[in-house]
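Reviewing the structure listed below.
What follows draws every value from the coordinates through simple rules; no lab data is involved. Since the structure is predicted, the reported quantities are computational estimates derived from the model, not experimental observations. Glycine gets a Cβ as well: all are built from the backbone with ideal geometry, and neighbour counts include every protein chain shown.
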Amino acid sequence: MLLQTTPFVGMIRNQAKALGMPNLPGVVLAHPIAGVPIDTVYAKLDGAIDEIIAKLTSPVPASEVAAPPGKQWLELDIEDEWHDLQREFIRRGWGDGLPLIPPTEKRVAAMIAGAGLPAGHLVSVLTPRMGMATVEKIAVNAVMAGCLPQHMPVLVAAVDALVDPRLSLKNMQVTTHPVSPLLIVSGPLTQTLNINGSTHAFGPGPWSNGVIGRAIRLILLNIGGAKPVEISKATMSHPGRYTFCIAENEAAMPAGWKGLRAERGFAPEVSTVTVMGCEAPHNINDHESITGSGVLTMVAGTMAQTGQNNPYYDGEVLVLLGPEHASTIAADGFTKDDVRRILFEQALIPMSRWSPENIQRRLRRFLNGRHKDSPLDTLIGPVQRADDIVVTVVGGPGKHSMYLPTNGKSWSVTRPILKQDGSPWLPADFPTSEGK
């Protein structure tokens, strides 16, 4: 039986249908449940208890699950590609509100060819609709987003990473929390494909970040079923849900520091894409510190927040150091392990900074009751271990860095960008300079 509150009926029904249980009975309670006195919650349950018992003790109606439709192309009688067709896309709920490139058979075929895989090759199954993310369907959304065929290997690797259970995609697809999968591309392909990790890494700009990130969002919407408002319930969301893709600035990495792909054991010739469920970037402005410890103090201060999910869960956070900040830190002899350790030790605030309700309902109950009996002066940070702080270098000149909380119980996932035979895609495989 499903127990749901009013705004989430459509989302839960959609998931039940995707799991083959469209007739699963449910009881609807008046919203909200969180953030109200417990007596109010009990009253809502008391008012529904008879219905709950009846639904739990009655046979579930037999489900009639329709067979999946066969492969088909729609032929739309449209005169104006950039007016009438856009309206048709919107009517069908296929887009993100921005203009879409029409996915004609010719364009999709060219995109499929860029993947180096068969059209029907299944890359992953995306929640909550349990949609089949085949190469062809990925290609359709890539066309609509404005991608070029050479972007397909990155998209295939990213879509494969999305379904790793450590990422917790299902939560990201339906939560009220403003979180979205961030793509961090690393390696020699970033320059070849014009994926920017320097000035304006988060855009806008004349580079590939925008269309690659947008393709992932359309894939999550059209294949995964995360339709805004109806299924995706982000209270306010954030602009990264249009597009959220950057590159590591490995050229600006201080001597002795490793980038993400090297830290995770990939060879120098292998390009990778790391996917991490992140909030919008929180800027760290430090134009005054002239020591590494000073910069790290400012970074830690930005990380120490009560309003983020991370202190309640066991997961990662992301720190993007601007090249100038990274240089200052490294010049004082700090390694990346030192950075993680110092931030873990300094990004702390006392439990008393949380509201009494959050202390009782979250800090004292979550993390297996770790803080069940902790005094109010207990110092709490956003992560449980120093290694849970993901650190890399992104951006251009200027004394800014960024902190990105996650949805809490989530871990970054890195995938190599490989051909069908398992060998890495190399710059030589992309002889043109399109998109640059």
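Observations on the model:
- Here the sum of -39500 (n - 2.57) over DSSP H runs of 4 or more residues, divided by the residues of the chain, equals -9000 deg cm²/dmol at 222 nm, to the nearest 500.
- Cross-link reach list, aspartates and glutamates versus LYS227, counting only Cα pairs under 20 Å and skipping chain neighbours closer than eight places: GLU88, ASP96, GLU279
- Cα-Cα over 30 Å, subset of LYS336/LYS399; LYS233/LYS419; LYS233/LYS336: LYS233/LYS419; LYS233/LYS336
- Listed by Cβ neighbour count within 10 Å, with the fewest neighbours leading, ILE284, ILE290 appear as ILE290, ILE284.
- About the Cα centre, charge dipole magnitude for the range 263-319 (Lys/Arg +1, Asp/Glu -1 at Cβ), debye: 40
- Annotation: the residues HIS282, HIS400, HIS151, HIS287, sorted from fewest to most other C-beta atoms within 10 Å of their own C-beta, follow the order HIS287, HIS282, HIS400, HIS151.
- Taking all Cα pairs closer than 8 Å and separated by 6 or more residues, the relative contact order of the chain comes to 18 percent.
- Directionally averaged projected area (convex hull, Cα atoms, the range 282-405), nm²: 7.2
- Cα gyration tensor, the range 125-282 - rounded (a/c under 1.5), prolate or oblate: prolate
- HN-Hα J in Hz across the range 183-190 - Karplus 6.51, -1.76, 1.60, θ = phi - 60°, x for Gly and Pro: 9, 10, 8, 10, x, x, 6, 4
- Gyration tensor (alpha-carbon) shape descriptor, the range 59-212, a/c threshold 1.5: oblate
- Answer label for P(r) over Cα pairs in 10 Å bins from 0, in percent (calculated), chosen among (1) 4, 14, 18, 18, 17, 12, 8, 6, 3, 1, 0; (2) 4, 19, 28, 24, 16, 7, 1, 0; (3) 4, 21, 30, 28, 14, 3, 0: (2)
- Highest-first packing order for the peptide set 86-92, 160-166, 176-182 is 176-182, 160-166, 86-92, based on the mean count of other beta carbon atoms within 10 Å.
- Charge-dipole axis of the chain as Lys and Arg at +1 and Asp and Glu at -1 on Cβ define it, positive-most pick from HIS371, ALA386, TYR312: HIS371
- For the chain, the share of DSSP beta bridges that are antiparallel, to the nearest 5, is 65%.
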